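Notes follow once the structure below has been shown.
The values are calculated or read from the model by the stated rules, or taken from the named source; none is laboratory data. Computed from a prediction, not measured in an experiment: that's the story for all the values here. Glycine gets a Cβ as well: all are built from the backbone with ideal geometry, and neighbour counts include every protein chain shown. Surface accessibility is based on the protein's heavy atoms, side chains included, excluding ligands, DNA and RNA. Shrake-Rupley method; radii C 1.70, N 1.55, O 1.52, S 1.80 Å.
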Amino acid sequence: MTTTALIISLISLGLASVAYWRSGGKQDAQNLQSSLQRELEALRAKEKELVESASQSLAAAYDRSRQRLAAARENLRRQKEEAVEGLEKQVKLAQEQLEALATRLEESARAAKDLTLSAARSAEEAIALRVRRIEARATLMQAKAKAARAQSAAASKEFERADELLAEAAGLLRDARETLGDDHAYDVKLDAIKTSLREAINAVRTHAEDIRKRIEQVLADTDRIVSTLESDETKATEQKS
């Protein structure tokens, strides 16, 4: 193509562009801009909706933790009133740690609005984990109290009553495991209690000579996991202080 022909082609293209703009190209551009604006507003509305939904979900999660703490608080209050020998210090410490955790929960809930969604969710999940553990701990202490009473009943030859109390302890053990959910940090210790409970129940039902020893094993295994839960909560508190 010659230089003259190229110049003519460029001029023609320019004139065509001007004609297109005058004939409606400008309107098309404006329509496109309006469409993009509407899409942007829709995205902003969707983002706001998602944030509000996440905030509501977070608030609901904190409420569930509050309810769990309330249930554990009541459980511990009853245990304190019943004053089962050997549990006084464990109950007192659990109550103190529970109230400290309740305070920490409220602080975390208030701080959530100043965090990113991911950080707020992580903070809530950490609190919820500790709440479930302290609730499970209260339940395990209740199971320990049942086992202690079973030991006294067996010593008095009240085997039917001892059997009943150990069965209740086994049920509480299942409750504690369910409370922990997918927190498997204590599975080995929970399994140990399950085994020792089964052996103690068998000993009671057969009036075996080692009933006392079997029930003492239940108490020891339960003490072991309660002590671990106490220590873990202490560490969690220190990490946040």
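Remarks
- Residue within the range 85-95 that is part of a helix (DSSP H, G or I), surrounded by 19 or more Cβ atoms within 10 Å (Cβ to Cβ), touching a Phe, Trp or Tyr at 6+ places or on another chain (Cβ under 9 Å) and touching a residue at least 24 places away in the same chain (Cβ under 8 Å) present: no
- Qualifying residue in the range 182-192 (condition: open to solvent by 40 Å² or more (accessible area, probe 1.4 Å), closer than 22 Å to LEU93 by Cβ, of a type outside the set (Phe, Trp, Tyr) and assigned to a loop (DSSP other than H, G, I, E, B)): yes
- Complete set of residues in the range 202-222 that are open to solvent by less than 50 Å² (accessible area, probe 1.4 Å) and part of a helix (DSSP H, G or I): ALA203, VAL204, ILE211, ILE215, VAL218, LEU219, ALA220, ASP221, THR222
- Residue in the range 128-151 that is over 23 Å from ILE225 (Cβ atoms) and modelled with pLDDT of 95 or more present: no
- In this structure, GLU168 does not satisfy being crowded, with 20+ Cβ neighbours inside 10 Å and of a type in the set (Asp, Glu).
- Filter result (among the charged types (D, E, K, R), exposed (fewer than 15 other Cβ atoms within 10 Å of the Cβ) and assigned to a helix (DSSP H, G or I)) within the range 113-160: LYS113, ASP114, GLU125, GLU160
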